[in-house]
Amino acid sequence: MIHATEAMQLSRAASTLLFTHLDFATKPNGQYPSEDFLKVLARSSFDGEFVHTTAKELQLARNEDIDLQQRSPLAKSLLYHLRGLSPDAIDAQFDGVRAATVAHARRQRAFTRPVDVALDIHEWLYYGSDDTPHVCSVNPDRETNLAYAFVTLCIVDPAVRFTLASESVAANDSRTLRESIRRLIATARQFVEISRVYCDRGFYRMPLVETFVELDLEFVVRAPQTVGVKRALDAHDASPFVTDYEMVRKNPPTGRVPVTLVVVPHRTRDDDSFCLVTNCAVSKDAAEPLAEAYRRRWGIETSYRKIGEFLPRTSSPTFAVRLFEFLFAVAMYNLWILVCLFLADQREFTDRPAVSTALFRLFVLSVPDG
């Protein structure tokens with residue numbers, strides 16, 4: 001049984017791990033204190049709303065007489081301070097939040113064994129100009145092909161599905177992603193021992209797979225049915241099968257990486273195959289178990305959806321605003337995971353989180369406005 005009072009106390013305590021690390025560089029004689037900014041951001045985060053809307057809600061809760069047709073001066077002040085922060089300063093603040101969160105998770109013995117992780121790219125769609133700094137081109141989606149992109153590393157295990165590292169990338173080319181992967185893995189290794197890394201087809205590139213090899217990582221990457229993969233499929237009468245394969249880059253700088261191609265029947269589509277490349281030692285009998293292990297990687301999609309539930313809405317083209325709000329959402333998500341971890345042993349239904357995101361929101365925002 002999980003008692004509401006305990007869950008509320010834990011949620012409020014977890015939120016302080018975030019709030020006490022944030023510095024908006026406000027002046028002592030400023031019109032609004034940092035506490036007001038935190039309340040606006042938290043409300044925007046949980047409601048998926050613009051800060052101008054949530055700032056007005058906060059002021060109305062205080063019985064302030066405001067002009068509903070004008071932008072909120074409180075929100076304008078918050079955005080002004082966010083624009084004044086450097087990306088390095090923002091990263092440093094949230095690095096502190098992550099370190100504090102992981103330290104508390106360790107006290108629950110969360111990382112006593114090596115963990116499987118997944119890499120993916122979170123695209124925060126953008127509807128402005130294509131020459132906006134830090135915006136990159138993506139596949140068309142919801143009437144735009146632009147986005148702020150964040151490469152993110154997440155633990156796959158549902159019990160400790162923390163997002164351990166994330167980094168903004170202004171391009172989707174292999175060189176940019178290669179350097180980003182190196183930094184993300186280095187960051188994650190400060191906190192956990194990585195057992196294996198899983199990636200979707202967006203990471204099926206010879207330079208990226210080569211990077212995993214250089215970092216001494218076991219990897220499993222979803223393989224699209226390229227000409228080479230189709231040739232291997234044609235050479236085998238039925239799946240599952242396991243065969244030696246070579247990923248090749250023909251354009252300069254050229255290169256080759258030997259891998260193992262693992263093919264099993266597609267779970268939902270007849271006459272189709274589910275293809276993976278890996279550097280793990282895999283037998284034919286182990287093909288299906290490896291595919292099942294990869295499918296657990298889709299837990300990261302749940303993580304991205306949940307992070308999206310904590311992401312404020314904004315039309316701001318300022319990178320500092322976007323970076324701060326994305327990292328704020330990741331931090332809130334991680335704190336929700338932390339609360340669920342603390343209460344995990346008290347669950348009656350083990351297939352559900354100990355506290356829903358809706359209740360976590362209620363508990364964190366239930367501090368009276370003053």
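Observations
- Interchain or long-range residues, amide H under 5 Å from residue 156's placed H: 116, 117, 118
- Phi to ³J(HN,Hα) by Karplus 6.51 cos²θ - 1.76 cosθ + 1.60 over segment 330-341, Hz, x for Gly, Pro: 4, 5, 5, 4, 4, 5, 4, 4, 4, 4, 5, 5
- Placed amide H near residue 147: partners under 5 Å, 5+ positions off or other chain: 126, 136, 138
- Segment 137-153 - phi-based ³J(HN,Hα) in whole Hz, Karplus 6.51/-1.76/1.60, Gly and Pro as x: 7, 9, 5, x, 7, 6, 6, 8, 10, 10, 6, 7, 10, 10, 7, 10, 10
- Report note on the peptides 271-279, 347-355: ranked by the mean count of other C-beta atoms within 10 Å, highest first, their order is 271-279, 347-355.
- Relative to the longest principal axis of the Cα atoms of the chain, helix 174-188 runs at roughly 70 degrees.
- 5 angstrom amide H check on residue 247, placed H, neighbours 5+ away: 257, 259
- Degrees separating the helix 34-47 axis from the principal Cα axis of the chain, which is the longest one: 50
- Gyration tensor verdict on segment 167-286 (Cα atoms; rounded if a/c is under 1.5, prolate if a/b is larger than b/c, oblate otherwise): prolate
- Once the Cα atoms are used to define both axes, helix 51-61 deviates from the longest principal axis of the chain by about 40 degrees.
- Cα gyration tensor, segment 62-131 - rounded (a/c under 1.5), prolate or oblate: prolate
- Cα centroids of segment 233-267 and segment 78-99: 43 Å apart.
- Per-residue Karplus couplings for segment 195-210, computed as 6.51 cos²θ - 1.76 cosθ + 1.60 with θ equal to phi - 60°, are listed in order as 8, 7, 10, 10, 9, 8, 5, x, 9, 7, 9, 3, x, 6, 5, 4 Hz, Gly and Pro entered as x.
- Check: the chain dipole with +1 on Lys, Arg Cβ and -1 on Asp, Glu Cβ, in debye: 380
- Relative contact order computed over the chain (Cα-Cα under 8 Å; 6+ residues apart), in percent: 23
- Taking a ≥ b ≥ c as the square roots of the eigenvalues of the Cα gyration tensor, the chain is classed as prolate, since a/c reaches at least 1.5 and a/b is larger than b/c.
- From most to least packed by mean Cβ count within 10 Å, the peptides 199-211, 166-178 give 199-211, 166-178.
- Mean Cβ count within 10 Å, highest first, over the residues of peptides 97-106, 124-133, 44-53: 44-53, 97-106, 124-133
Values in this text are rule-based calculations from the coordinates and carry no lab data. Computed from a predicted model, the values in this text were never measured in an experiment. All Cβ positions, even for glycine, are placed from backbone atoms using ideal geometry, and neighbour counts span all protein chains on display.
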